[in-house]
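Contents: one structure, followed by commentary.
The values are calculated or read from the model by the stated rules, or taken from the named source; none is laboratory data. Not measured: the values here are computed from a predicted model. Cβ atoms come from the backbone with ideal geometry, glycine included; neighbour counts cover every protein chain shown.
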Amino acid sequence: MISFLSRLGLELPTDVFRLAVTHDSYANEHGEESNERLEFLGDAVLDLTVADLLFGLFPGRDEGELSRLRAVVVSRPVLAEVAAQLGLGEFLRLGKGAEEGGARTRPSVLAAALEAVVGAVFLQHGYTGARRLTEALLGPRLAAGTTEGQADYKSLLQALGQSRFGTLPEYSVVSAEGPEHKTVFAVRVSLPAGEAVGRGRSKKEAEQAAAKRLYVRLTAEETK
C-alpha cells in the first residue's frame, strides 16, 4: 500500500498513515486515536470523487443510473477487495482480541481502513490527490461499467449480490432454440431476493439480459 501511494506521488507522513490503519480495538488498548474519523471523511471523499469520475466517463447516463453505479463501486465488498489486493491488511494495527478474531482479513475492517487512507490523502494532498487515488484504486471497475456502450449488468449484479446478500448470482441455461447459426439462448439468473430470465444470440448476451432485468428490478425496489 505504501509503495502504491508512493508511485502516485501521494506519500503520507508516518504518523498519518499509522492513524489511518489504527483499528479501534488497538486504539482502545493503547489509549490512542482510531481511524474512525478518517474513515468518515474518506467515505464522503470517495462518494464525491467517484461521482466526478462517473460524470466524465458517462455523459449519456441519467442521475439514477450514475447513482446506482456509484453505490456499487464504493460498496464495502468492492473496497475490501481492493484493499486486500493492495495488501493493506498487513499494515493494520489491531488489538489482541481483534487480531485473534481474524479482523486482519475481515472485509468490513479492510474497507474502513481503505476509506481512512483516502481521507488521509485528502487532508495531505487535497481534492486533486484524492481524485488521483480514487481513479487509481477504482478506475478499472468504473470502466468495467460499460460493454459496447452499455452497462455491464453482470458486474453490477455481482457487486449488489455481495453487498446485499453476501452471495454471488447463479446463472443457468434454460433453453437453446433454433438452428446452430441462429440459436437463441435463454438464461436464468437468481439471487435470494428473486430471479429473472434473459435471452440472447449467445450465452453471454443472454446472461447480460437476465442480469439487467434482475438488477433493475432489485434497485427499483430499493428506492420505493
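Look through GLU65, GLU100 and report the one residue that is surrounded by fewer than 20 Cβ atoms within 10 Å (Cβ to Cβ), over 14 Å from the mean Cα position of the chain (by Cα) and either free of Cβ contacts under 8 Å to residues at least 40 places away in the same chain or assigned by TED's automatic domain parsing to the domain that holds GLN158 (or both).
GLU100
For segment 152-205, give me every one of the strands (runs of 3 or more DSSP E) that falls completely inside it and has 1 or more residues that are buried (at least 20 other Cβ atoms within 10 Å of the Cβ).
184-191, 194-200
Would you confirm, using the coordinates I've provided, whether GLY139 is in the same structural domain as VAL82 (by TED's automatic domain parsing) and at pLDDT 80 or above?
yes
For the condition hydrophobic (A, V, I, L, M, F, W, C), closer than 26 Å to ARG7 by Cβ, crowded, with 18+ Cβ neighbours inside 10 Å and more than 14 Å from the chain's Cα centre (by Cα), what is the one hit in LEU123, LEU92?
When all the criteria are applied, what remains is LEU92.
Scan segment 33-50 residue by residue and report those that are of a type outside the set (D, E, K, R) and crowded, with 17+ Cβ neighbours inside 10 Å.
Scanning segment 33-50 gives SER34, ASN35, LEU38, LEU41, GLY42, VAL45, LEU46, THR49, VAL50.
Taking segment 12-29, which residues are touching a helix residue (DSSP H, G or I) at 6+ places or on another chain (Cβ under 6 Å) and farther than 19 Å from LEU94 by Cβ?
Passing the criteria: only LEU12.
Quick one: which of HIS23, HIS30 is of a type outside the set (Gly, Ala, Ser), at pLDDT 90 or above and surrounded by fewer than 15 Cβ atoms within 10 Å (Cβ to Cβ)?
Going through HIS23, HIS30 in turn, the sole match is HIS30.
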